[in-house]
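Below you'll find the structure, written out as structure tokens, and then a few comments.
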Amino acid sequence: MIKGEREGNAGLGSYHFKTDENDEFDQNTLGVPMNAKLMFYPARRFALGLGSGVNFNSINTTYSLNTVFQFN
């Protein structure tokens, strides 16, 4: 039987945003990152799943979606 597990976290941190060297846009702001993982365990010592993340801030909200492989 395949087991599943969920986990997530949120926080508060500094977000630094800079474009190309020739551009003058270089700013820092306060960001609120949130992450979540959905893991499936097809074997006792191996897990695979999806990880997602978002960082809310006043400059540029960023999103990510990742494939996760974990060996215990």
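Read-outs throughout are calculated quantities, based only on the coordinates presented, and are distinct from any laboratory measurement. Everything quoted here is computed from the prediction, not taken from an experiment. FYI the Cβ positions are ideal-geometry reconstructions off the backbone, even for glycines, and counts take in every protein chain you see.
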Taking the Cβ-Cβ separation of Leu12 and Leu50 as r and a Förster radius of 22 Å, what is the calculated FRET efficiency to the nearest 0.05? 0.35
Under 5 Å from the placed amide H of Gly31, counting only residues 5+ away or on other chains, we find Gly13, Ser14, Tyr15
